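The values are calculated or read from the model by the stated rules, or taken from the named source; none is laboratory data. Note that this is a predicted model, so its numbers are computed, not measured. Here Cβ is always computed from backbone atoms with ideal geometry, including for glycine, and neighbour counts include all displayed protein chains. For the accessible areas, the whole protein counts, side chains as well, though only heavy atoms, and no ligand, DNA or RNA atoms are used. Shrake-Rupley method; radii C 1.70, N 1.55, O 1.52, S 1.80 Å.
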Amino acid sequence: MSKYYLTTPIYYVNATPHIGHAYTTIVADTIKRFRRMMGDEAYLTTGTDEHGQKVEKSAAAAGLTPREFTDRVSEAFRAEWNDLGLEYDFYRRTTDPRHAKAVRAIFSRCLANGAIYKDSYTGKYHIGDEAFVTDEEAEQADPAMITTVTEENYFFKLSAYRDKLIELYESQPDFVQPDSRRNEVLSFVRGGLKDLSISRSTLQWGIPLPNDPAHVFYVWFDALSTYMSAVGYGEEGEARKRWEKLWPVDVHLVGKEIVRFHAVYWPAFLMAAELPLPKQVWAHGLLIFQGGKMSKSKGNIVRARPIDKVVGIEGLRYYLLREIVFGQDGNFSFEALVGRYNSDLANGVGNLAGRTAAMIAKFHGGLVPAAGAGGDGGLQALAAETIEKAAARYAKFEFSRALEAIWSLFAAVDKYIVANKPWALAKAKDESSQAQLAATLYNSAAALRIGAALAHPVLPQASQKIWAMLGETVPLRDFRLADLAWGGLKPDVKLAGQDAIFPRLDVEKSVKRMEELEQEALKEQAAIFGKPAADEPAAITIDAPEVAFDDFVKIDMRVGLVKAAEKVAKSKKLLALTVDIGEAEPRSIVAGIAGAYAPEELVGRKVAIVANLKPRKMMGRMSQGMVVAASIDHGHPYLVSFLEDAPVGARLS
Ligand code: MSP
């Protein structure tokens, strides 16, 4: 038995799970089940990517601390995979202290090997993507998202790994798959590599560098290390042994948009750390819905749970793996999903299973007959060929073609039944008709049994139901494909009764129901993110009286730095802040923001202060100014803050 270790990307916690995420996880689960049937000891890692500025911001927007926020969203991912029956072995969060150990250990090895240096860097920075971008990329981006940043960073000498990486892609042509992605990666690397900034000093929500804790790791160095930390790298004892057993990973399954990070950065980090490289990076395409890549900001999102409630998870699994050529982008549509379900699952395998059971019940008292001498219409040969084809195609991740082969077998069984007319054979009492009837019943059930076993990686539950119906007692998950053979179906086995495995669905009603459930899921998501449901916001009307400029400048607002913050006793709303605005003494300011911010989040943060507001007493404390925050109808407050490092005492005007 050999080990097989595979991974999904770890998902960002800035959105709740949608079927884009589910797609990768479903494929990974399918591969894992297939490898297990091939006799491998297969392990799957998934998890959540939880550090960075965007997470800090999303948490603040939800009125939560980053820890509370990431706990909630990470749990939502975990619950989603559990509910959908996706079997991961390791669920790693980047906020897990064991992970921090691994990241630091990998970094320390890179540092010791001279692959890290510190330098100052000025560049165009994309706030949304949290990344420095090229001038060209900056021009194409939303200008509001681009800013210029200069900071001291630690750099990874990526440029030094160009030749080694090319050698890797050339000596292992399937290191990056499919070929289209391999070519893309090769030409990117051939074009020359720039060194990579891997730390931030402007960010708090991250893992501090071991040699310089004022810096935290920039997301990719941190995130990629998960694949090793999840299985025990950086730890001692049993955990370490597990890492030794499972590493290197057999395949990193990723979406095509992150292939560069996995196929260029990650092997370079590992080369620098003198650690074994992954065997393969396999990039799939994106699910396109309503003309675009699903994204929360565009609102074109579909979630798996509403689909699960109407079509069932197996309907979704089958559709995604059959309809989309793995490696290419694919359109998702509710209508096509229900269409596939009806044609291939309800009318296809579901109907065949029901029909076979009914025939055996009616014509042979529910007992599988012996095959006897009747003709098999070529089914036995086709079944043997299908085992070969399906296994070879699964092994190459050609899921759609594997399923095509299996469903051709089911179709051949249907034809065979129709051609043999068992109902007519049953009426004719002669010996040869009886032999052909027995053969028809046995051969149909035998081929169904083989098709069901082969469909197991994609349809774990339905295949198991058919398997059990045919009298098999060893569950399919423990069954090895090497043992799958025609004679495996035992005569005289009593067929277990079988309800419809895939009841037919009304297309229009099902689509409508999924769309309704999707709306409900949207509200659940809003609950996780602590925001009101995304109803159309009412148009804002400005009804405050106009003021003259001379009146406006009477208000003196300054940039302040929060030095200390604490809750005001007996008040749910108030925080007492000590704010330095550059005067000889810092100000004491009471602010009604306790519902949205924890005191420890505010210390060290720059805020805007109204500095010439008449002092007033609040809950027994004197407040010498006001913190400026935005809100709708005095609801959730959002503190005014500065993207650049605005100097303390600077005046707002
Ligand atoms: N956190 C990083 C990955 C770090 S891995 C060390 C990230 N996260 S993500 O949540 O944005 O996306 C992760 C993966 O989800 C993608 O690579 C892809 O596998 C999957 N998908 C997200 N949206 C998708 C679609 N619309 N379609 C198909 N898969 C998509 O990137």
Please name whichever of Gln434, Asn331, Val149 sits farthest to the positive end of the charge dipole of the chain, dipole taken about the Cα centre and charges placed at Cβ: Lys and Arg +1, Asp and Glu -1. Gln434
For all pairs of alpha-carbon atoms in the range 547-593, what percent lies in each bin of width 5 Å, listed from the first bin to the last filled one? 5, 20, 19, 17, 14, 14, 8, 3, 0
What list of ³J(HN,Hα) couplings, whole Hz, do you get for the range 609-617 from phi and the Karplus terms 6.51, -1.76, 1.60, once you set θ to phi - 60° and write x for glycine and proline? 10, 7, 8, 10, 7, 4, x, 8, 8
Given charges of +1 on the Cβ of Lys and Arg and -1 on the Cβ of Asp and Glu, with all other atoms neutral, how large is the dipole of the chain about its Cα centre, in debye to the nearest 20? 1360
Once Lys and Arg are counted +1 and Asp and Glu -1 for all other residues with Cβ under 15 Å from that of Ala584, the total becomes 0
Normalised by the residues of the chain, what does the relative contact order come to in percent, with Cα pairs under 8 Å and at least six apart? 12
Note, the range 107-117: 3J(HN,Hα) by Karplus (6.51, -1.76, 1.60, θ = phi - 60°), whole Hz, Gly/Pro = x, goes 4, 4, 5, 5, 4, 5, 8, x, 9, 10, 9
Convex hull volume per residue in cubic angstrom - Cα atoms of the range 438-494: 71
How would you classify the range 256-414 from its alpha-carbon gyration tensor, with a ≥ b ≥ c the square roots of the eigenvalues: rounded for a/c under 1.5, else prolate if a/b is greater than b/c, otherwise oblate? oblate
How would you classify the range 156-282 from its alpha-carbon gyration tensor, with a ≥ b ≥ c the square roots of the eigenvalues: rounded for a/c under 1.5, else prolate if a/b is greater than b/c, otherwise oblate? oblate
For Tyr12, other-chain or 5+-apart residues with amide H closer than 5 Å (H placed, Pro excluded) are Asp49
Helix 507-529 sits at what angle to the longest principal axis of the chain, using alpha carbons and giving 0 to 90 degrees rounded to 10? 30
Computed over the range 191-350, Kirkwood Rh from alpha-carbon pairs, angstrom: 19.1
Accessible area (Å², per residue) of the chain, counting only protein heavy atoms and a probe of 1.4 Å: 45
For the range 187-284, with the dipole built from +1 on Lys and Arg beta-carbon atoms and -1 on Asp and Glu ones, taken about the Cα centre, which of Pro248, Ala223, Val189 lies farthest toward the positive end? Val189
How many Lys pairs in the range 354-485 lie less than 28 angstrom apart by Cα atoms, where the lysines are 8 or more positions apart or on different chains? 13
Cross-link candidates for Lys490: which aspartates and glutamates have Cα within less than 15 Å, leaving aside residues fewer than 8 places away along the same chain? Glu472
Placing +1 on the Cβ of each Lys and Arg and -1 on the Cβ of each Asp and Glu in the chain, which of Gln624, Ser180, Leu287 has its Cα farthest towards the positive end of the resulting dipole? Leu287
What's the center-to-center distance, using Cα atoms, between the range 232-274 and the range 125-174 in Å? 20
Estimated [θ] at 222 nm from DSSP helical runs (n ≥ 4, -39500 (n - 2.57)) normalised by residues in the chain, nearest 500: -12500 deg cm²/dmol
Can you tell me the 0 to 90 degree angle between the C-alpha axis of helix 399-420 and the longest principal axis of the chain, rounded to 10? 30
Counting only residues 5 or more places away or on other chains, whose amide H sits under 5 Å from the amide H of Val176 once H atoms are built in the peptide plane? Val281
Calculate log10 I(q)/I(0) of the chain for q = 0.06, 0.08 Å⁻¹, where I(q) comes from the Debye formula with a single equal point scatterer on each Cα and nothing for solvent. -0.45, -0.72
Of the accessible area of the range 369-441, computed with a 1.4 Å probe and all protein chains kept, carbon and sulfur make up a percent value of 58
In terms of modelled amide H atoms, which long-range or inter-chain residues lie less than 5 Å from the amide H of Lys3? Glu41
Specify whether the C-alpha gyration tensor of the range 273-314 places it in the rounded, prolate or oblate class, a ≥ b ≥ c being the square roots of the eigenvalues: rounded for a/c under 1.5, otherwise prolate if a/b is larger than b/c and oblate if not. prolate
Flagged links, alpha-carbon separation over 29 Å, of Lys573/Lys606; Lys124/Lys606; Lys54/Lys157; Lys118/Lys606; Lys164/Lys256; Lys57/Lys309: Lys57/Lys309
Rounded to the nearest 20 Debye, what is the dipole magnitude of the range 188-305 about its Cα centre when Lys and Arg each give +1 and Asp and Glu each give -1 at the C-beta? 740
Regarding the range 341-390, what is the average projected area of its C-alpha convex hull, in nm²? 4.7
Work out the length of the dipole vector of the range 299-413 about its Cα centre, built from +1 on the beta-carbon of each Lys and Arg and -1 on the beta-carbon of each Asp and Glu, and round it to the nearest 20 debye. 280
Return the carbon/sulfur percentage of the accessible area of the range 559-639, one whole number, probe 1.4 Å, all protein chains in place. 54
To make sure I understand the rule: partners must be aspartates and glutamates, Cα under 14 Å from the Cα of Lys614, and not fewer than 8 residues away in the same chain. Which ones qualify? Asp556
